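No value in this document is a laboratory result; all are computed from the given coordinates. Computed from a prediction, not measured in an experiment: that's the story for all the values here. Note that each Cβ is placed from the backbone with ideal geometry, even for glycine, and that neighbours are counted across all protein chains shown.
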Amino acid sequence: MVSANGSDDFPTQFKILIAGGFGAGKTTFVGSTSEIEPLTTEEALTSASVGTDSLEGVENKATTTVAMDFGRITFSLHNLVLYLFGTPGQNRFWFMWDELSRGALGAVVIADTRRLQDCFAAIEFFEQRGIPFLVAVNEFDGSFRYEPDEVRNALDLKANVPVLLCDARDTRSATGVLISLIEHVLSTSQACPA
Amino acid sequence: MTVPDGEGSGTWMRPYTVTNGRTHPTTALQLISMVRTTGRVPPERLGGEHARALQLCHFPTSVAEVAAHLRQPVAITKVLLSDLIDSGAVTTRAPSATAHSTDLLEKVLDGLRQRL
Ligand SMILES: Nc1nc2c(ncn2[C@@H]2O[C@H](COP(=O)(O)OP(=O)(O)OP(=O)(O)O)[C@@H](O)[C@H]2O)c(=O)[nH]1
Ligand SMILES: [Mg+2]
C-alpha cells in the first residue's frame, strides 16, 4: 500500500525544455544527453483544441498530430529524474508549449548560426513566461562562426542570459550546457527568492 | 526505435475507440507525472490497452514514457491511466513546485557533473 501522500519511492521529477528553430539540433541534443534512446509521444491537435467529449467526428478530426521527443536522466543516488523535452520546431504548434513549459525548471534555446533568427520566437516565449533559459549556439560545420557576444547582440539578450557554444552531437558538450542551465537557474533564484 | 512501423499504425488511426470516445481524464495528469502499479489489480482483469498500460508501470514511470511505449497520443494515455488510478491499479505523483529547491537543484547539478 502507498501512504496518503502517495510519494513512497517515487522519484522527484524535473523537466527541462530543449527549444530552437526547425532543424537546429533539438533531437540531437536530447539524444546525446539522455540515458535512453529518445522517445516520441504524439499529441493530437484537435482533441486539445476542440475540447469535447463527443465521439462524433473525433476520429476524422484527430489526424493532425505533433510529435515531441524526450529523453531521461536518472540520478538514483538522490532518487531524482530529469526529463528533457524537445519542443516542436514549427510555429503552428505553439499551443503545445503551454503544457510543455508548465513547471519546467528552465530551457535550452538552441541557436543555429545559419538561421539565428529562427530562435527569436522561443526566446520571446521564455522571457514572457519568466522561464529561465540560456542560448546554446550549435555550430554546424561550415557555418559562420560567431562570438557569444555577437550572438547576444543579434538576439538582443539580457546581460544575465548565458550564451554558450556547443556541439549538440557531443555528450560532454551538451551535458555541460545542462550544467550551465542549472547553475543559471540557481543564480537567478538566489537573486530573486520566491 | 520510436517511429511507429506500418503494421502498428492501427492504434494511431483510431485512438479514441480505446477510451470509448472519452478525451478527458478523471485525474489531472501532466507529462512528467509519475505512475506506478499498486499490484492490487491483476492486468488479466483489464481490457487490452489498460492491461498494456498497467504493465508499463511496474516501476515509477512518467506519463510521457507510458504514452511513448503504448504508441498512443498523450491525451488517450492520460484517460487510460486515470481509469487505472480510479480502479486502484495505479498510484500517481504529480511534479511539485517545491522540487525546485536549491537543495535538490544542487543534487541535480552534482549528478550531471558526474556524467562528464
Ligand atoms: N554539424 C553538426 N550537425 C548537427 C549538429 N547538431 C545536429 N546536427 C545535424 O543536424 C540535423 C538536424 O538535427 P536535429 O537534431 O534533427 O534537429 P531538430 O531541431 O530536432 O529538428 P526538428 O525536430 O525537425 O525541428 C541532423 O542531421 C543532425 O545530425 C551539430 O552540432 N553539428
Ligand atoms: Mg527534432
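Note on A:102-110: average number of Cβ atoms from other chains within 10 Å of each residue's Cβ is 3. From the square roots a ≥ b ≥ c of the eigenvalues of the alpha-carbon gyration tensor of region A:12-191, which class results: rounded (a/c under 1.5), prolate (a/b over b/c), or oblate? Verdict is prolate for region A:12-191. For residue A:166, nonlocal amide neighbours, meaning residues 5 or more places apart or on other chains whose placed amide H falls under 5 Å from its own, are A:137, A:138, A:139. Considering only B:23, B:92, B:102, the mean-square fluctuation computed in a Gaussian network model of chain B, springs between alpha carbons under 10 angstrom, is largest for B:102. Note on residue A:15: aspartates and glutamates with a C-alpha under 12 Å away, same-chain residues under 8 apart excluded, are A:99.
Per DSSP H run of n ≥ 4, the term is -39500 (n - 2.57); total these for chain B, divide by its residue number, and report the mean residue ellipticity at 222 nm rounded to 500 deg cm²/dmol. Spell out each step's value before the answer.
Values: 5 runs with 46 residues, N = 116.
Result for chain B, helices only: -11500 deg cm²/dmol.
To the nearest 20 Debye, how big is the dipole of region B:3-115 about its Cα centre, given +1 on the beta carbon of each Lys and Arg and -1 on that of each Asp and Glu? Please list the in-between numbers first.
On the way: 12 positive and 10 negative charges, 17 e Å.
Using only the charged Cβ atoms, the result is roughly 80 debye.
One Cα centroid belongs to region A:67-86, the other to region A:95-145; the line between them spans 19 Å.
Give the average over all directions of the projected area of the C-alpha convex hull of region B:3-115, one decimal, in nm².
Numbers: hull surface 35.2 nm².
That works out to 8.8 nm², a quarter of the Cα hull's surface.
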